[in-house]
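Colleague: Questions regarding the structure given below will be posed in turn.
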2 protein chains.
Amino acid sequence: MATHRSALFAALFSTGANALFPDCVKGPLKNNTICDASASPADRARALISLYTLEEKINATGSTAPGVPRLRIPPYEWWSEWLHGIAGPFTNFSDEGDYSYSTSFPQPILMGAAFDDQLITDVATVIATEARAFNNANRTGLDFWTPNTNPFRGQETPREDPYHLSSYVHALIKGLQGGATDPYKRVVATCKHYAGYDIESWNGNLRYQFDAQISQQDLVEYYLPPFQKCARDSNVGAFMCSYNSVNGVPTCADPYLLQTILREHWGWTNEEQWVTSDCDAVQNIYLPHEWSATREQAAADALIAGTDVNCGTYMPNHLPAAFAQGLLNETVLDQALIRQYSSLVRLGYFDPPENQPYRQLGFDAVATNASQQLAYKAVIEGIVLLKSDGFLPLSLSSSSSIGLFGDWANATDDLLGNYAGVPTYLHSPLWAVQQLNVTVNYAQGPGGQGDPTTNRWLSVWSAASASDVIIYIGGINNDVEEEGMDRGTIAWTGAQLDVLGQLAQQGKPMVVVQMGGGHIDSSPIVNNPNISALLWGDYPGQDGGVAIMDIIIGKAAPAGRLPTTQYPASYINEVPMTDMALRPGTNNPGRTYKWYNGTAVFEFGSGLHYTNFSASIASNMSATYSITDLMTTCRSSNATYPDLCSFGAPFEVEVTNTGSTASDYVTLAYLAGSFGPAPHPKKSLVALNLTLGSLARVDERGNKVLYPGDYCLLIDNQPLASVNFSLSGDQVVLDEWPQPPANRTGDGVKDFEPGYFVGGHGSDQKPVY
Amino acid sequence: MATHRSALFAALFSTGANALFPDCVKGPLKNNTICDASASPADRARALISLYTLEEKINATGSTAPGVPRLRIPPYEWWSEWLHGIAGPFTNFSDEGDYSYSTSFPQPILMGAAFDDQLITDVATVIATEARAFNNANRTGLDFWTPNTNPFRGQETPREDPYHLSSYVHALIKGLQGGATDPYKRVVATCKHYAGYDIESWNGNLRYQFDAQISQQDLVEYYLPPFQKCARDSNVGAFMCSYNSVNGVPTCADPYLLQTILREHWGWTNEEQWVTSDCDAVQNIYLPHEWSATREQAAADALIAGTDVNCGTYMPNHLPAAFAQGLLNETVLDQALIRQYSSLVRLGYFDPPENQPYRQLGFDAVATNASQQLAYKAVIEGIVLLKSDGFLPLSLSSSSSIGLFGDWANATDDLLGNYAGVPTYLHSPLWAVQQLNVTVNYAQGPGGQGDPTTNRWLSVWSAASASDVIIYIGGINNDVEEEGMDRGTIAWTGAQLDVLGQLAQQGKPMVVVQMGGGHIDSSPIVNNPNISALLWGDYPGQDGGVAIMDIIIGKAAPAGRLPTTQYPASYINEVPMTDMALRPGTNNPGRTYKWYNGTAVFEFGSGLHYTNFSASIASNMSATYSITDLMTTCRSSNATYPDLCSFGAPFEVEVTNTGSTASDYVTLAYLAGSFGPAPHPKKSLVALNLTLGSLARVDERGNKVLYPGDYCLLIDNQPLASVNFSLSGDQVVLDEWPQPPANRTGDGVKDFEPGYFVGGHGSDQKPVY
């Protein structure tokens, strides 16, 4: 394999085509420190860029870096994507044979429903391994712009709970990058979109110009914890700043977010760590944000603030003029390039392939039997049973006849969701039913998203009449919830509710499977006594149809939990999407299970089983703990971050299956109580090994504080067990939050006002374009 | 040809395939009155349906009518479409050769900019002729669901002025149906969507459930005049009721709109005239409108209200139960079928083909040289010159080099807009420039709608540097303004403004062409002194690229006028799309050129020329007219509708071209003045042959009233001439408006509240589904 690679390497140079890797063997760099594997990454990077002209440095700031031919530095594409498998605009699948497919896992929201960190690490390890194999064949890059770390972004994230999201991205980065002390990184992960990026296109508010007004309390309590986890606790290799502004400042031009918080407060200062802009968020600083008065100033502002890579061409295009105008000095540019090349060094980019196991990976590492089984396991763990009258699991015999309906019944590409590569196979629900020894009566329809007609309904009625059992698999898909769009309704779309109601009138056992990533109000299905069961199936990936049917027929038992609140359809009239506040307000019922004061259709964490469970907490804990004592113990451990100090021994919960069906069970633990500043959240998801940070609350300035008060640990949503304890003594600040510059908040930028801002920072000049 | 058709006819029956036409020669109907060409259409229809069973009648209510095989009545598809050429889901183009293409004209909004009624009649005649040829080949139907008669519907209508829209649809129906006394109709036209249908999907308001709250004054003054023109003055064959409700009642279930107004007040009572629902608006009466408490009731309510054809299957599906429950009687059903079959009789459907010229048409009548030239003429007449510093028309020599940019520069399908069939050819702007003897520097980009990256920009800069003249052809397209969506911004999309600004900085002569049908605020282009000219090109159809370039190089002179107000981008923040009011309100600057109290980027009627014009009004009119005298003259003419009475002799306007460039000129006349109830519109478009109706205003109850007061007739937007006169005496009601049932308006349905209504009509029962 190594021989083959070397031959390819030489051939590429001789034909003038792009080489995969720099030439450290016989090129002009062979005696430069960049090629000295014993030197530190930063020293190696510094040595390389000392050879660069200013123009060559500027050229390196774009995501499609042209390299430096005279130095045998090949072009490099920084933009690679994976969300649930390798994908994206710069991943190149071949038309057939090797490298024509890879493993396609479920969307993050479904994997999030498994509440299984090890699963996420395993999945990330598989995808990163497949990415390395594709990279070795020059079919994708080494820097992946994943995970999506925003709590509201539909199918792309495990959704609304910041602790859950933090655990998820931590587990994912571990699998993706490998261990922090490994000699080489597997690939580089990128936490995105930093920060407050939750609007796509809603009521005139476009992501490219939206200004998210977020209080320091909400930022620290809700929007930033997963990013803190990435930077401070997971050693993630890269960050991506977002399209939107936060409190008036475009994030890619914001030294407060990129320097004060990310690098200084979270200690993300390793030279191999870099920030890329979203594509092309640097341009958006100029237009439509109108933050910088000129194009050159926008490019300079981004680089100075700490954006090291510009997805797009705006920096390479405008930095020459910015330098000519004296808007920045070369040290800032060098800093960005040192970060870039240090990161590439850690990926083995400049080192001999022979010593690097990742460089030996070929297509035999892709879509293995084990990875296919993992993809199946991920769906099974994630599917959620939301309603069940005891009819499921479905017993089948050879005389059974199943009526199969809904736009997802014969789904193929829909199974994958967005950011999909080419899957190994696509098993639709229809395909899965056809593998069973039963009669299938399938009819296409009703046409859930775009088709307003009833043209296909008659065939649905006749197929239903001929069936013993009705299975309806529908909901929404990427026709209505793709990146770049926000939906205008969270009710079931099109005429689906009418068709569901008519099918239910047949009086036959009926199962509904709700697909798609975004919220849908399923209360009409919950309230219909003729519908036996409701499952939630999201975007289940390549084996989704088989997994759904295996759950329905009891070959596997459901144990997933809803990672999001299912709001009633009227919710969209109660909270403008532009309102970033979590707590309820005068005309706002609040967001997430912690704060929403209405009645959810299904609460966060909902999930039934084919059996019942009881639980007990085995604990010899005290009734009261002294905050002073807790802090003394914490300090004696020399903890850098007091919020990570352990509260004590983990709670031990014993769960018993009291029914007759074998089943997995996810132990969800919540903390509730009236401690810290009012209002108090209803409850908060925590781990059983409580940290001081998980007991803390965030004050209005963003400080994380341990408060005296009464605490209650609850097991599961309808608590199967609980235990109470108190903290006594004076409150203690665990993490003092750096305050933003005085001119940022309360800057007169109104909520909910789309359109252009007038004036740039430190200037009354409106850009001329 | 007739022989060939007969042979085909026999062959189809013998193979069991669908026949095109009923068998009046030797089938069971040959002695029925339906086959007696000397009987009246209604008698013929009555005779036919007297043979039908109830089930056969119910089957005939859906748009895909199955026919009655035992009577040799073949299936018939009521749903055919054309908007700017034959198109739609049930038009079948062959893959190659004959019937593989037809003539594709510009979108209605561009043809509307020509302000040329004869053009519209000519275009409609061509398309109807092509439709007949396709129908003779069993490739489309005879009933076309056009014209779109709503004032706000983007590219599909000539837009915002009700008089202009009325003239347009009148001219179109004339061409489409032929003369009212012709022995056969060419095809049947359908005025849609009746009424108040202006929301697609905006901020949670979906067209299927939106309730348009409209005052009687706005209805009569603005939303209904074009429909009145269709029904009362143009003998249109069909109407389509809409998805939305008006003042609480779904239009397809509304006896006030369908019976009181349409049939009784407008006298649309010819038995050959029928109403179809939008697809599947009958279902929407049940869900999501929740107007009718059951599905059966919804089907019955629609039929009873006067909906004769159900696009979809809801009536055929649910009318059997509705009859079983006694919700309606068979007379109502018979009435609908008499209308359907009377209409088919008027199309010659039951008559011998030998006597019908339309039945002789073959593919040689399609895409003729004359129709291609007409399609080109329609674009030339419609293109509007909005900004010009004198640089245009562009002089070319063989040494000229043109830089051509923008996502529309190489547009193909985009040229057509929505509801497009297969055009004869597609000539993009790039193709057109390549036919000139000049150097073309074309670069794709910037990626106006979806692509946020600057990846393609560098090639734009290098191509621009190499050029003498820069032409940018961009704007929006159906990626962001297709049916079913409303846009969230009316600014130029994506990064286009940044690219335009950078191109303008090159200091070269630069021309921008704004494409797409919806509003875009072009003020940044207007305000940029480095941009020489701005043209408006909409969706110009198959020859659009050639027409645009011919205008630019002066082979033709622009004379089109903007048929819509171009609002500033902030307008969308000032008026919710759900607010149907025309007049300004507390937080609302008003709609259309008549009422908008802000500063438009371009006013309705804007349009420059390559020359200048002066005008004078040759009039020997009085200074004052007595309303009593005017009415006496009107009554003496035995006018059925006093609003159609002439005011006197037409004004004669003499227009002089004072420049050196030959050019068409469109004489736009407006009426202004402070007559009738305040507030007063700024002005209103009128014809030069004024009618009493064109002088009238509408009061709050919807009555059309001739008021005493001071009137001013203005020629053109910046008036080239004007004349003043007064009306004296008492006001007179020209048209007394039938008031809606008392329980309709002020029924407690709030504005702007999306989501489901609770309760049906005459019932507190909420539907169970």
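Okay, residues lined up against (1) under 24 Å from the mean Cα position of the chain (by Cα); (2) under 25 Å from B:Tyr341 (Cα atoms); (3) touching a residue at least 12 places away in the same chain (Cβ under 8 Å):
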| site | (1), (2), (3) |
| --- | --- |
| B:Cys279 | yes, yes, yes |
| B:Gln283 | no, yes, yes |
| B:Tyr286 | no, no, yes |
| B:Ala299 | no, yes, yes |
| B:Leu303 | no, yes, yes |
| B:Asn310 | yes, yes, yes |
| B:Ala322 | no, yes, yes |
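Colleague: Also, quick follow-up: Within the stretch B:189-210, how many residues are buried (at least 24 other Cβ atoms within 10 Å of the Cβ), within 12 Å of chain A (Cβ to nearest Cβ) and closer than 30 Å to B:Ala128 by Cβ?
Modeller: Number of matching residues: 0.
Colleague: Can I ask one more? Quick one: in the stretch A:356-396, which of the residues that are loosely packed, with under 15 Cβ neighbours inside 10 Å and among the small types (Gly, Ala, Ser) is nearest to A:Val511 (Cα to Cα)?
Modeller: A:Gly390
Colleague: Could you check the stretch A:24-44 and list, in sequence order, the residues that are touching a Lys or Arg at 6+ places or on another chain (Cβ under 8 Å) and small (Gly, Ala, Ser)?
Modeller: Listed by number, the list holds a single entry, A:Gly27.
Colleague: May I pose another question? Within the stretch B:187-243, which residues are of a type in the set (S, T, N, Q) and either in contact with a His (Cβ under 9 Å, 6 or more places away or on another chain) or at pLDDT below 95 (or both)? Steps first, answer last, please.
Modeller: So the first thing to find is which residues in the stretch B:187-243 are of a type in the set (S, T, N, Q), and the list is B:190, B:201, B:203, B:205, B:209, B:213, B:215-217, B:228, B:234-235, B:242.
The answer is B:Ser201, B:Asn203, B:Asn205, B:Gln209, B:Gln228, B:Ser234, B:Ser242.
Colleague: Let me ask something else about it. With the requirement that a residue be charged (D, E, K, R) and either at pLDDT below 95 or surrounded by 22 or more Cβ atoms within 10 Å (Cβ to Cβ) (or both), what does the stretch B:504-515 give you?
Modeller: Going through the stretch B:504-515, the residues charged (D, E, K, R) turn out to be B:508.
Answer for the stretch B:504-515, where residues must be charged (D, E, K, R) and either at pLDDT below 95 or surrounded by 22 or more Cβ atoms within 10 Å (Cβ to Cβ) (or both): there is none.
Colleague: Further question: Checking B:Gly154 against (1) surrounded by fewer than 24 Cβ atoms within 10 Å (Cβ to Cβ); (2) at pLDDT below 95, only one condition comes out false. Which one?
Modeller: (1)
Colleague: Please go through (1) part of a strand (DSSP E or B); (2) modelled with pLDDT of 95 or more for B:Ser694 and return the number of the only condition it doesn't satisfy.
Modeller: (1)
Colleague: Would you say A:Cys252 is in contact with a strand residue (DSSP E or B) (Cβ under 7 Å, 6 or more places away or on another chain) and either outside any helix (DSSP H, G or I) or under 27 Å from A:Gly326 (Cα atoms) (or both)?
Modeller: The answer is yes for A:Cys252.
Colleague: List pairs: first in the stretch B:254-274 and under 13 Å from B:Leu224 (Cβ atoms), second assigned to a loop (DSSP other than H, G, I, E, B) and basic (Lys, Arg), Cβ under 8 Å, 6+ apart or cross-chain?
Modeller: Between residues of the stretch B:254-274 that are under 13 Å from B:Leu224 (Cβ atoms) and residues that are assigned to a loop (DSSP other than H, G, I, E, B) and basic (Lys, Arg), the close pairs are B:Tyr256/B:Arg744.
Colleague: Could you pull out the residue among A:Thr592, A:Thr586 that is away from chain B (no Cβ under 14 Å) and in contact with a Ser or Thr (Cβ under 9 Å, 6 or more places away or on another chain)? Before the answer, list the steps.
Modeller: Values: A:Thr586 fails: in contact with a Ser or Thr (Cβ under 9 Å, 6 or more places away or on another chain).
Only one candidate qualifies: A:Thr592.
Colleague: Name the residue that is modelled with the highest pLDDT, counting only residues in the stretch A:397-430 that are over 30 Å from the mean Cα position of the chain (by Cα) and surrounded by fewer than 18 Cβ atoms within 10 Å (Cβ to Cβ).
Modeller: Filtering the stretch A:397-430 down to residues over 30 Å from the mean Cα position of the chain (by Cα) leaves A:397-405.
Keeping just the survivors that are surrounded by fewer than 18 Cβ atoms within 10 Å (Cβ to Cβ) gives A:397-401.
Details: A:Ser397: 92, A:Ser398: 91, A:Ser399: 93, A:Ser400: 94, A:Ser401: 97.
Looking at the filtered set, the residue picked out is A:Ser401.
Conditions (1) in a loop (DSSP other than H, G, I, E, B); (2) among the aromatic types (Phe, Trp, Tyr), marked per residue:
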| position | (1), (2) |
| --- | --- |
| A:Lys174 | no, no |
| A:Pro183 | yes, no |
| A:Tyr208 | yes, yes |
| A:Gln217 | no, no |
| A:Val220 | no, no |
| A:Cys230 | no, no |
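Colleague: Can you tell me which residue within the stretch A:261-284, out of those that are hydrophobic (A, V, I, L, M, F, W, C) and within 11 Å of another protein chain (Cβ to nearest Cβ), is nearest to A:Lys185 (Cα to Cα)?
Modeller: Just the residues of the stretch A:261-284 that are hydrophobic (A, V, I, L, M, F, W, C), to begin with: A:261-262, A:266, A:268, A:274-275, A:279, A:281-282.
From the residues that got through so far, the ones that are within 11 Å of another protein chain (Cβ to nearest Cβ) too are A:279, A:281-282.
On the way: A:Cys279: 25, A:Ala281: 27, A:Val282: 28 Å.
Within the stretch A:261-284, the match that is nearest to A:Lys185 (Cα to Cα) is A:Cys279.
Colleague: Next up: Of the residues A:Gly518, A:Gly501, A:Gly560, A:Gly544, which is under 26 Å from A:Tyr419 (Cβ atoms), surrounded by fewer than 23 Cβ atoms within 10 Å (Cβ to Cβ) and in contact with a helix residue (DSSP H, G or I) (Cβ under 8 Å, 6 or more places away or on another chain)?
Modeller: On the way: A:Gly501 fails: under 26 Å from A:Tyr419 (Cβ atoms); A:Gly560 fails: surrounded by fewer than 23 Cβ atoms within 10 Å (Cβ to Cβ); A:Gly544 fails: surrounded by fewer than 23 Cβ atoms within 10 Å (Cβ to Cβ).
Result: A:Gly518 is the single residue among A:Gly518, A:Gly501, A:Gly560, A:Gly544 that is under 26 Å from A:Tyr419 (Cβ atoms), surrounded by fewer than 23 Cβ atoms within 10 Å (Cβ to Cβ) and in contact with a helix residue (DSSP H, G or I) (Cβ under 8 Å, 6 or more places away or on another chain).
Per-residue answers, yes or no, for (1) more than 27 Å from B:Gly554 (Cα to Cα); (2) more than 14 Å from chain A (Cβ to nearest Cβ):
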{"site": "B:Asp468", "(1), (2)": "no, yes"}
{"site": "B:Met485", "(1), (2)": "yes, no"}
{"site": "B:Gly494", "(1), (2)": "yes, no"}
{"site": "B:Asp498", "(1), (2)": "yes, no"}
{"site": "B:Gly501", "(1), (2)": "no, no"}
{"site": "B:Val511", "(1), (2)": "no, yes"}
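Colleague: Specify which of the listed residues (A:Arg153, A:Arg139) is over 30 Å from A:Lys682 (Cα atoms) and not polar (S, T, N, Q).
Modeller: Values: A:Arg153 fails: over 30 Å from A:Lys682 (Cα atoms).
Exactly one residue qualifies, and that residue is A:Arg139.
Colleague: Please determine, by comparing only the residues of the stretch B:304-322 that are touching a strand residue (DSSP E or B) at 6+ places or on another chain (Cβ under 8 Å) and more than 14 Å from chain A (Cβ to nearest Cβ), which one is surrounded by the fewest Cβ atoms within 10 Å (Cβ to Cβ).
Modeller: Filtering the stretch B:304-322 for residues that are touching a strand residue (DSSP E or B) at 6+ places or on another chain (Cβ under 8 Å) and more than 14 Å from chain A (Cβ to nearest Cβ), the one surrounded by the fewest Cβ atoms within 10 Å (Cβ to Cβ) comes out as B:Gly306.
Colleague: Taking the stretch B:206-230, which residues are of a type in the set (A, V, I, L, M) and touching a strand residue (DSSP E or B) at 6+ places or on another chain (Cβ under 7 Å)?
Modeller: Initial filter on the stretch B:206-230 (of a type in the set (A, V, I, L, M)): B:206, B:212, B:214, B:219-220, B:224.
Listed by number, the residues that qualify are B:Ala212, B:Ile214, B:Val220.
Colleague: Just one of B:Asn573, B:Asn530 is over 25 Å from the mean Cα position of the chain (by Cα), surrounded by fewer than 22 Cβ atoms within 10 Å (Cβ to Cβ) and not in a loop (DSSP other than H, G, I, E, B); which is it?
Modeller: On the way: B:Asn530 fails: not in a loop (DSSP other than H, G, I, E, B).
Of B:Asn573, B:Asn530, the one residue that is over 25 Å from the mean Cα position of the chain (by Cα), surrounded by fewer than 22 Cβ atoms within 10 Å (Cβ to Cβ) and not in a loop (DSSP other than H, G, I, E, B) is B:Asn573.
Colleague: Counting only residues that are part of a loop (DSSP other than H, G, I, E, B) and crowded, with 19+ Cβ neighbours inside 10 Å, which one in the stretch A:584-600 is nearest to the chain's Cα centre (by Cα)?
Modeller: We begin by selecting, within the stretch A:584-600, every residue part of a loop (DSSP other than H, G, I, E, B); these are A:584, A:586-587, A:589-591, A:596-600.
From the residues that got through so far, the ones that are crowded, with 19+ Cβ neighbours inside 10 Å too are A:590-591, A:596.
Values: A:Gly590: 22, A:Arg591: 19, A:Tyr596: 22 Å.
Applying the filter and picking the extreme gives A:Arg591.
Colleague: With the requirement that a residue be of a type in the set (Ser, Thr, Tyr) and out of contact with any helix residue (DSSP H, G or I) (no Cβ under 7 Å at 6 or more places or on another chain), what does the stretch A:264-288 give you? Walk me through it before giving the result.
Modeller: Taking the stretch A:264-288 first, the residues of a type in the set (Ser, Thr, Tyr) are A:269, A:276-277, A:286.
A:Thr276, the sole residue that qualifies.
Colleague: Also: How many residues does the stretch B:211-220 contain that are out of contact with any Ser or Thr (no Cβ under 9 Å at 6 or more places or on another chain) and of a type outside the set (A, V, I, L, M, F, W, C)?
Modeller: First, the residues of the stretch B:211-220 that are out of contact with any Ser or Thr (no Cβ under 9 Å at 6 or more places or on another chain): B:214, B:217-220.
Right, trim to of a type outside the set (A, V, I, L, M, F, W, C) and you get B:217-218.
The total comes to 2.
Colleague: Here's something else I'd like to know. In the stretch B:285-301, what residues are within 14 Å of chain A (Cβ to nearest Cβ) and either among the hydroxyl-bearing types (Ser, Thr, Tyr) or touching a Leu at 6+ places or on another chain (Cβ under 9 Å) (or both)?
Modeller: Step one: of the stretch B:285-301, the residues within 14 Å of chain A (Cβ to nearest Cβ) are B:285-299.
Answer for the stretch B:285-301, where residues must be within 14 Å of chain A (Cβ to nearest Cβ) and either among the hydroxyl-bearing types (Ser, Thr, Tyr) or touching a Leu at 6+ places or on another chain (Cβ under 9 Å) (or both): B:Tyr286, B:Leu287, B:Pro288, B:Ser292, B:Thr294, B:Arg295, B:Glu296, B:Gln297, B:Ala298, B:Ala299.
Colleague: Quick check on the stretch B:640-664: of everything there that is surrounded by 15 or more Cβ atoms within 10 Å (Cβ to Cβ) and of a type in the set (A, V, I, L, M, F, W, C), which residue is farthest from B:Gly729 (Cα to Cα)?
Modeller: Among residues in the stretch B:640-664 that are surrounded by 15 or more Cβ atoms within 10 Å (Cβ to Cβ) and of a type in the set (A, V, I, L, M, F, W, C), the one farthest from B:Gly729 (Cα to Cα) is B:Val655.
Colleague: Restricting to the stretch B:665-685, and then to whatever is part of a loop (DSSP other than H, G, I, E, B) and among the aromatic types (Phe, Trp, Tyr), can you tell me which residue is surrounded by the fewest Cβ atoms within 10 Å (Cβ to Cβ)?
Modeller: Initially, the stretch B:665-685 is screened for residues part of a loop (DSSP other than H, G, I, E, B), giving B:665-668, B:673-683.
Those left that are additionally among the aromatic types (Phe, Trp, Tyr): B:665, B:675.
Values: B:Tyr665: 17, B:Phe675: 20.
Among them, the one singled out is B:Tyr665.
The values are calculated or read from the model by the stated rules, or taken from the named source; none is laboratory data. If you're wondering where the values come from, they're calculated on a predicted model, not measured in any experiment. Cβ atoms come from the backbone with ideal geometry, glycine included; neighbour counts cover every protein chain shown.
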